[in-house]
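Engineer: Would you mind keeping the following structure in view while I ask a few things?
Just so it is clear, none of the values below were taken in a lab; they were calculated from the coordinates. Not measured: the values here are computed from a predicted model. Note: ideal-geometry Cβ built from the backbone for every residue, glycine included; neighbour counts use all protein chains shown.
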Amino acid sequence: MTAHLLAAAAELFSPYVLMVIVASAVFGLFLGAVPGLTATMATALLVPVTFYMDPIPAVAAMVTASAMAMFAGDIPSALLRMPGTPASAAYTDDAYALTKKGLAHVSLGICLLTSAIGGIFGALVLSVFAPPLASIALKFSSFEYFWLCLLGLTTSAFIMQGSPIRGIISLALGLLVSTIGIDPVSGVPRFTLGSSALIGGVSLVPVMIGVFAVAEIFRFYAHRDPKLALEQVEVKGVFSGQAGILWRQRKAIAQGNILGTIIGIVPGAGADIAAWVSYSLAKKFSKNPKEYGRGSQEGLAAAGAANNAAVSGAYVPALVFGIPGDAITAIVIGVLFMKGVNPGPTIFLNNPTTVYGIFMAFVLANLLMIPLGWMAIRCGRLILKVKLAILMPIILMFCMVGSFAVENTITAVGVALTFGVLGYFMEENGIPIAPFVLGIVLGPLVEQNFLTSMMKSGGSLIAFFDRPIAAFLGAITLLIWTSPLISVFRKRLPQQV
Amino acid sequence: MTNLGDRALGLLIAAFGIGVIYMALQLPEPMAGSHIAYGPGFFPVLLGIVATIAGVALAIVRPGIPGEVDTDGLSQAGRPRFAGPALVLLSMLAYVYLSDLIGFIPLAAVTLAILLVFGGMRLLPALVLSIVASVSIYFMFSKGLLVPLPRGPLQTWAIWL
């Protein structure tokens, strides 16, 4: 193990990889800080560039960019009352309220430090728990994998937004996209519409660029943003008095760390949900719940730590089972597959150096976040002055070249366009994107594991509950599916009595 | 309107689901003698049924509340406009169909200039920025990452590109 650790460290701390990390950090901070550009978009746009790197620098770049973007989303929250990424939305009102009181440095300081603490905590949990979990996962059969995939899809569909129906629609569409191409079991082409380009299925990277970047460009042009007014001119003294604040908010930070990591680990639930859940839980148990929404430092600390902890935590199911915890890890999994590093329990046996490299990249990225994030806060005014009307056409070019670069075919640009239109249409109609993306990634796994299980059991569905872990996972999944029905009955019962 | 409202959206999804079921039923039956009764159409049919039911549920359960789900304050931004998205769509279609013929640098420069001017930039700075940006992107991807971007008529200067 020491040899692998040293090898990973040697690769991670080589000048080339460090340069990649710093460059992706700046990229992530910039994209996260510009409202309308998200952490997921930053990761998706990085894919074509990482395509030509070794696994460790590639993953380190994506890990760094996503963590930085997640924090940087707090900058416009505090200065403009506009969340830079959806995961900052939970505490935007509090961050902005503090800015209105002339305390922008306090709110951004809390966001920066709790983000770094949350990210590092999540990374430590990842490195401590992932290897033993992987040795358990080695004993998993197709039954457990089937339920695990289905659990991930279920959580993403049911927990993401208020309306599970929209989540289910998104999920079904994503799973259907995953069936395009040759059926792996029978070898029959499905839904290829006679096109030879679709026989291998729709490739993931152009789809991601489409739904996360091209759709966002459409959205920008469809709804020109209202004029923005910067609240505070200069943010100074970000770190002054933070030690005291962090100590006073230690409970909220601890709660955010733990809750964020756990929600990150649950397949299908990511940073956005982590921030919301942690914020509302902190409010519920707070001594001053009335402060929430009006500049609560407690709420900021709890949610700011949670979203970054979730970014790290999401890598647990991604690495251990090959099942993405959220949209960002879905992209990372796609990249690892392209590099021949297959995520799943065997990655710990076959590519331990890569795994340790990822662990260390997380810690390094979150440590780097403190000085680089400070610089981003100082430059916040400049970043927020960047006009999206100039940036968006250039991002569009990157989208087209980026999707072309992955396969060197023009079809990929067409795929990015198609999914950009679809993603825009879905967002306009309140259909969440995350279940759709997870459906595309997990679809083949669900189908193959289901068919393999059916072959093993000779067609008996009861076999899906025979093994204890499979039965447990299956029970949770079915419980989530039936929960809306249960709540409907519970609402009706008192009326009848 | 791109926001359809729950009823129309639900019906659209349901119709799509039925279409999927129909197409999936055309797929070949499971091979005779295979151990299981699930062919290539099994999973798509199942998904088609789920989409249909969810679509119908959306149309029936909450009829007539269009735009009820507020995505990040979209409602404040007002009605969507079409000129911009249409321009983006055209740019991408032009890239798909014309990039081999025209080459990356000229096509990207023209597209960028049009979008920048549309975004409110004055013509001259827009032209300069679009030429600088498209040449930089070309060299970054073509030389740095070895992506074979189409050169088009600039092929004659291939030594320099």
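Engineer: With a Förster radius of 60 Å, plug the Cβ-Cβ distance of A:CYS379 and A:LEU478 into 1/(1 + (r/R0)^6) and report the FRET value to the nearest 0.05.
Structural biologist: So, using R0 = 60 Å, E works out to roughly 0.75.
Engineer: Please name whichever of B:ALA8, A:THR179, A:LEU336 sits farthest to the positive end of the charge dipole of the protein assembly as shown, dipole taken about the Cα centre and charges placed at Cβ: Lys and Arg +1, Asp and Glu -1.
Structural biologist: Sorting the options by dipole projection puts first B:ALA8.
Engineer: Please work out the FRET efficiency for the pair A:GLU291 and A:TYR52, using the Cβ-Cβ distance as r and a Förster radius of 45 Å; give the result to the nearest 0.05.
Structural biologist: The pair A:GLU291/A:TYR52 has a calculated efficiency of 0.35.
Engineer: Apply the a/c threshold of 1.5 to the C-alpha gyration tensor of the stretch A:82-185 and tell me whether it is rounded, prolate or oblate.
Structural biologist: Because a/c hits 1.5 or more and a/b fails to exceed b/c, the stretch A:82-185 counts as oblate.
Engineer: What is the Cα centroid distance between the stretch A:257-290 and the stretch A:360-429, reported in whole angstrom?
Structural biologist: Here the two parts' Cα centres lie 26 Å apart.
Engineer: On to the next question. Evaluate the charge dipole of the protein assembly as shown about its Cα centre and quote only its size in Debye, nearest 20, assuming +1 on the Cβ of each Lys and Arg and -1 on the Cβ of each Asp and Glu. If you can, show how the numbers build up before the last one.
Structural biologist: Details: 35 positive and 26 negative charges, 307 e Å.
Dipole size: approximately 1480 debye.
Engineer: Can you give me the angle between helix A:104-137 and the longest principal axis of chain A, using Cα atoms only, in degrees from 0 to 90, rounded to the nearest 10?
Structural biologist: The helix A:104-137 is inclined about 30 degrees to chain A.
Engineer: Using only Cα atoms, tell me the angle between helix A:39-50 and the longest principal axis of chain A; keep it within 0 to 90° and round to the nearest 10.
Structural biologist: Once rounded, the angle reads 70 degrees.
Engineer: Considering the dipole of the stretch A:74-176 built from charges on the beta carbon (Lys and Arg +1, Asp and Glu -1) around the Cα centre, which of A:ALA97, A:PHE121, A:SER170 is farthest to its positive end?
Structural biologist: A:ALA97
Engineer: Determine which residues of the stretch A:474-490 fall in the zone a paramagnetic label at A:ILE136 would reach in this model, i.e. backbone nitrogen under 20 Å from the point 7 Å along Cα→Cβ.
Structural biologist: Only A:474-480 pass the distance filter.
Engineer: If you take the square roots of the eigenvalues of the alpha-carbon gyration tensor of chain A and sort them as a ≥ b ≥ c, do you get rounded (a/c under 1.5), prolate (a/b over b/c) or oblate?
Structural biologist: It is rounded, given that a/c, with a ≥ b ≥ c, falls under 1.5.
Engineer: Output the 0 to 90 degree angle, nearest 10, between the alpha-carbon long axis of helix A:352-378 and the longest principal axis computed from the alpha carbons of chain A.
Structural biologist: 30
Engineer: Using the structure shown, select from A:LYS251/A:LYS284; A:LYS251/A:LYS290; A:LYS100/A:LYS251; A:LYS251/A:LYS283 the pairs with a Cα to Cα distance greater than 20 angstrom.
Structural biologist: Too far apart for the 20 Å limit: A:LYS100/A:LYS251.
Engineer: Sum -39500 (n - 2.57) across every DSSP H segment of at least 4 residues in the protein assembly as shown, then divide by the residue count to get the 222 nm mean residue ellipticity, nearest 500. Write out the running numbers ahead of the final one.
Structural biologist: Numbers: 30 runs with 453 residues, N = 658.
Taken over the protein assembly as shown, the calculation gives -22500 deg cm²/dmol.
Engineer: Moving on. Once phi is turned into θ = phi - 60°, what whole-Hz ³J(HN,Hα) does the Karplus curve with 6.51, -1.76 and 1.60 give for every residue of the stretch A:59-73, x standing for Gly and Pro?
Structural biologist: 5, 4, 4, 6, 4, 5, 4, 5, 5, 5, 4, 4, 5, 4, x
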